[in-house]
1. Considering only 326, 243, 208, give the residue with the highest GNM mean-square fluctuation for the chain, with springs between Cα atoms whenever their separation is below 10 Å.
2. Return the carbon/sulfur percentage of the accessible area of the range 117-226, one whole number, probe 1.4 Å, all protein chains in place.
3. Among 186-194, 340-348, what's the highest-first ranking by average C-beta atoms within 10 angstrom per residue?
4. Please give every one of the lysines within straight-line cross-link reach of residue 309, meaning a C-alpha to C-alpha distance under 22 Å, and leave out same-chain neighbours fewer than 8 residues apart.
5. Between the range 188-221 and the range 270-311, how far is it from one alpha carbon centroid to the other, in angstrom?
6. For a quick protection proxy, order the peptides 312-320, 20-28 by their average other-Cβ count within 10 Å, most packed first.
7. Taking the highest mean first, how do the peptides 152-162, 218-228 order by number of other beta carbon atoms within 10 angstrom per residue?
8. Check every DSSP H run in the chain and write down those whose alpha carbon atoms cover 18 angstrom or more along the long axis and whose mean Kyte-Doolittle hydropathy is 0.0 or greater.
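The values are calculated or read from the model by the stated rules, or taken from the named source; none is laboratory data. These numbers come from a predicted model, not from an experiment. Cβ placement follows ideal geometry from the backbone for every residue including glycine, while neighbour counts extend to all protein chains displayed. Surface accessibility is based on the protein's heavy atoms, side chains included, excluding ligands, DNA and RNA. Shrake-Rupley method; radii C 1.70, N 1.55, O 1.52, S 1.80 Å.
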Amino acid sequence: MSLYKTDTATNVRKGEELDLSKLNSFLRENYPQLGEVLEVTQFAGGFSNLTYCIKTAVAEYVLRRPPFGANIKSAHDMAREFKVLSLLKPVYNKVPAPVLFCEDMEVMGAPFYIMERMQGVILRASNAPRLQLAPEILRASSEALVDNLAALHSLNIEVTGLNQLGKPDGYVTRQVEGWIKRYYNSETDKIEQLDKIAEWLKVNIPSTQYAAFIHNDYKYDNVVLNPDNLADIVGVLDWEMATVGDALMDLGGTLAYWSEAGDADEIKFFNLTWLPGNLSRQEVIARYVEKSGRDVSNILFYYIFGLYKNAVIAQQIYARWKQGHTQDPRFGALLPIIKGLGSRAVNALEPGRV
């Protein structure tokens, strides 16, 4: 018997139900080998694309679709996410095998795809404290998390064909400009700290950048761990923002999620890294340098950008809730977190330390 419980799905949230009749009709006509869907449950984690477990007589699969009311042509591009998995699976075995993609809007009102279900433990900020994990276990798990990120960045983007997924030249500038624009397009409340950070980012873009395939949302609750050994990463999930860009943007994003014991509760909300045993942010940076050999002298910029991007993502979700596009109560509670991320970014600027 495994030491830790594998990740499970629960009841589908109200308003996010799937039309089983239409889904089964589509599968019977196009993918009869999957069998009829007998049961649908929903994974509770995540604030972006909706993720369901669909059970057939053959096996369990995972179905991903955009959130209801979202702009499916931009941040929720199911076709691109399916393509990422298709290109990545032959060269990186820690991703679910893609099964099918459907762009027929008649089936569920949005494009969706189905992939293999990867079984294992997912450590989330909400469940990890209850597990009472020993510090040595979390130390090993956090080290594995950093090592795996460095390994992902070592993939040869030319040989693997991953280079077709993005344009590394000018990537950081485009990201800074794009996320600032997204923030103001979804702004609901005036937050001076985020205004200040936006201006700082525009004038501090690093000149040296490292082209690599990047996940862009890499953290504990997007990795699947071996239940018998939590330092063994068996899968990496949620590739919706993956691209070819600057490797340090990925590291900065991970650091932005990497809360420590002394951080405000709004920051701890995102990760369980504040629990005893985990690497500190400075130790994460040092281990990444050891494994990758990269110069990270500009890592403060990437950390600040990661905090800003997280704030923008939360702001976009909060704006959708405020406009009535979703009833999920989690989304309505995001404003203090958005403000907290802005404060954390400003506070990091003053001492110039991650």
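1. 208
2. Ligands and nucleic acids excluded, carbon and sulfur give 46 percent.
3. Details: 186-194: 15.4, 340-348: 21.0.
Top to bottom by mean Cβ count within 10 Å: 340-348, 186-194.
4. 73, 167, 181, 190, 196, 202, 219, 268, 322, 339
5. With the range 188-221 and the range 270-311 each reduced to a Cα centre, they are spaced 13 Å.
6. Numbers: 312-320: 21.7, 20-28: 15.3.
For the peptides 312-320, 20-28, the packing ranking is 312-320, 20-28.
7. Final packing ranking: 218-228, 152-162.
8. Helices meeting the criterion: 135-153, 299-322, 335-349.
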